[in-house]
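Here's the structure we're looking at; comments come further down.
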Amino acid sequence: MPLLEMRQVTRRFGALLALDNVSFSVRKSEIFGIAGPNGSGKSTLFNVITGIPFPPSEGEILLAGKPIHRLPPHQISRAGILRTFQKDAEFATLSARENVYASAVYCGRMTSTEAKEAADHALDDVSLKAERRAKAASDLSVFERKQLMIASAIAGRPKVLLLDEPAAGLTKPEVTGLSDLIFTVHRRGITVVLIEHVLPLLLNVSERLMILNHGAIIASGSPAEVVRNPEVVEAYLGKREARL
Ligand SMILES: Nc1ncnc2c1ncn2[C@@H]1O[C@H](COP(=O)(O)OP(=O)(O)OP(=O)(O)O)[C@@H](O)[C@H]1O
């Protein structure tokens, strides 16, 4: 049975079909990549899975076989789905350690002692330097904030982690560091769904890929299959360039 499954999901905004009859499934412990041109519906997909800020207009979403698309957002996160956002979402004035602790308490539903241990363990896993952990999140570097984002996610003990363009703002060497962080999450047994425009990262970490265009799936399969698909080349480059 798939861990996460979407069945014929549609999301409308007035006349606009942001998601058009999308069906796919993600296996347990998989790293599943999603790409597509701007406005193709990628973030809307994460929004309807988490219910924040809206559910699907039609269709079903299941976690381990149980429907979640009618649950309120806090019950979806407690069922085991956490997401990250394109913009920084940490508590800027709390320290890195306090941020991870808060995630362990709220998302992982731990006692204070358990949450402190989980926070330290998660910060060790992402190798955030000990002397940086007491700094306010807003004082951390861009890459340190990615470490914090991943540590907070791990500490919340999700079954599925949805990562929305985590490589935004990173240099090339930092993107390599981010790949290692994603593999750290994966080693924890967490299933990862990754939206990413930085294709070297997406192709490096994803076991399977799905490409969206105008809200619909235009290709899916192994990264090697998907990048050779003519429809994908055309969606990214346009018809004329795709033929060159
Ligand atoms: N709350 C909303 N109200 C109206 N239209 C919306 C809303 N959210 C998204 N859309 C529209 O739905 C379409 C898909 O948007 P979405 O943000 O999911 O694309 P995306 O693939 O994540 O794009 P990007 O790569 O730029 O982040 C776009 O046309 C967008 O304008």
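Listed values, structure above:
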| quantity | calculated |
| --- | --- |
| For the range 40-50, Karplus couplings with θ = phi - 60° (6.51, -1.76, 1.60), whole Hz, Gly/Pro x | 7, x, 5, 5, 4, 4, 5, 4, 6, 5, 8 |
| Relative packing of peptides 164-177, 194-207 - highest average C-beta neighbours within 10 Å first | 194-207, 164-177 |
| J(HN,Hα) series, the range 133-149, from Karplus relation 6.51 cos²θ - 1.76 cosθ + 1.60, nearest Hz, glycine and proline x | 6, 8, 6, 4, 3, 5, 8, 7, 6, 4, 5, 4, 5, 5, 4, 5, 4 |
| Computed log₁₀ I(q)/I(0) - Debye formula, equal Cα scatterers, no solvent, the range 125-244, q 0.19, 0.23 Å⁻¹ | -1.05, -1.35 |
| Over the chain: helical MRE at 222 nm, DSSP H runs n ≥ 4 each giving -39500 (n - 2.57), nearest 500 | -11500 deg cm²/dmol |
| Protection proxy ranking, peptides 227-235, 211-219, 149-157, average beta carbon neighbours within 10 Å, highest first | 149-157, 211-219, 227-235 |
| Qualifying lysines (Cα of each under 17 Å from Cα of Lys42; at least 8 residues distant if same chain) | Lys87 |
| For the chain, the spread of Cα positions along each principal axis, largest first, Å | 55, 41, 33 |
| For the range 1-87, convex hull volume per residue from C-alpha positions, Å³ | 104 |
| Dipole moment magnitude, nearest 20 debye, the range 99-244 about Cα centre, only Lys, Arg, Asp, Glu C-beta charged | 80 |
| Net charge dipole size for the chain [Lys, Arg +1 and Asp, Glu -1 on Cβ; Debye, nearest 20] | 340 |
| Cα-based Lys pair tally, the range 100-233, threshold under 26 Å, eight or more apart or on separate chains | 10 |
| Kirkwood hydrodynamic radius of the range 155-213, from inverse mean 1/r over distinct Cα pairs, in Å | 12.0 |
| Gyration tensor (Cα) of the range 141-185, equivalent ellipsoid semi-axes in angstrom | 18, 10, 9 |
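Bear in mind these aren't lab numbers, they're just calculated from the coordinates by the rules spelled out. If you're wondering where the values come from, they're calculated on a predicted model, not measured in any experiment. In this analysis, Cβ positions are derived from the backbone assuming ideal geometry, glycine residues included, and neighbour counts consider all displayed protein chains.
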